[in-house]
Every structure is written in C-alpha cells, then in structure tokens.
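Accompanying notes for the structure given below.
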Amino acid sequence: MHELYIAQSILDSAVSHCLESGCNRIESVTIQVGLASGVMSEALNFAFDAIKAGTIAETASLITEKVAPECVCKNCAQIFEPTDSFILICPECQSTDVSITKGFELQMLCLEAI
Ligand SMILES: [Zn+2]
C-alpha cells in the first residue's frame, strides 16, 4: 500500500525532527497533499494512526492540507484549475499545451512537538 509507505516516511521524519530539537512528544504533523498526487489523505490518516502506536507520535494527529491542482497555458499564459486531471485544455484558447504547476505536493509543513 502506497499510503502506508508515505505515512511511514512522514512518521520517521517527524520523529527525527522532534528528537533533534530536544522534544519527546509529537502533538501534530501537518502535511500538504496535492490533489493530483494520487495520494488519498483518508488512507494516509488511517495508515498513520496504525503505525504511530508505541512511538513518540502516539497521540499525534496528522493534519492534511489539500492543494488543488493548477495549470498554466503555455500558449496564452492563462492560469486555471483543471476540471479533469487527464484532459488538460486551456479554457481561454483551447490549447492543450499546458503544464501542471500545482497539485503534486507531498511535504511536511509543520510539526508541533513538546
Ligand atoms: Zn490558453
């Protein structure tokens, strides 16, 4: 399961950041998840809850901040939110020469520890 692997790396990284800063309990971990990344935040939360037991993050909550996908048209520079992640067409000029600039994020934003 993809999400289990991601949850494990979030947990590992949160634990090492926490210990490095001299803390011994993690309160919450905030991560940014792009909606185009294919990561299911519900599955990620479920996986995180399953693996945090027995660690210093046992009582920590995982907060996921979703990032909507955003495209930019290379033809007319229009920025738009794609309605379909597989068919990317500029709503202004109907060009298909567009690139996705947002939506693939998967990173830790904030870590609260005591
Ligand atoms: Zn365009």
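The values are calculated or read from the model by the stated rules, or taken from the named source; none is laboratory data. Bear in mind the structure is a predicted one, so any value in this text is a computation, not a measurement. Neighbour counts are summed over all protein chains in view; Cβ atoms, including those assigned to glycine, are modelled from backbone coordinates with ideal geometry. SASA here: full protein model, heavy atoms, side chains in, ligands and nucleic acids out. Shrake-Rupley method; radii C 1.70, N 1.55, O 1.52, S 1.80 Å.
Some values worked out for this structure:
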read-out	value
Amide H within-cut-off set for ILE63, under 5 Å, with H built and near neighbours excluded	VAL29, THR30, ILE31
With at most 16 neighbouring Cβ atoms within 10 Å, loop chymotrypsin sites (Phe, Trp or Tyr not before Pro) (DSSP) excluded, longest segment of the chain	1-85
Computed label-point distance, nm, for sites CYS76 and GLU92 using a 7 Å Cα→Cβ extension	0.7
Extension gain from THR101 to ALA53, taking 0.36 nm per residue of separation minus the Cα-Cα distance	13.6 nm
Loop-located trypsin sites (Lys or Arg not before Pro) in the range 1-76 whose Cβ has at most 16 other Cβ within 10 Å (DSSP)	ARG25, LYS74
Portion, in percent, of the accessible area of the chain that falls on carbon or sulfur, probe 1.4 Å	54
Amide N proximity, the range 82-105 versus GLN32 label position 7 Å along Cα-to-Cβ, cut-off under 17 Å	100-105
With Cα atoms, 0 to 90° folded angle of helix 41-51 axis to the chain main axis	20
Estimated FRET transfer efficiency when R0 is 22 angstrom, pair SER9-SER61 (beta carbons, to 0.05)	0.80
At q = 0.17 Å⁻¹, base-10 log of I(q)/I(0) for the chain (Debye sum, equal scatterers on each alpha carbon)	-0.77
Charge dipole (debye, nearest 20) of the chain; +1 at Cβ of Lys and Arg, -1 at Cβ of Asp and Glu	100
In degrees, nearest ten, helix 2-20 long axis to first principal axis of the chain (Cα)	50
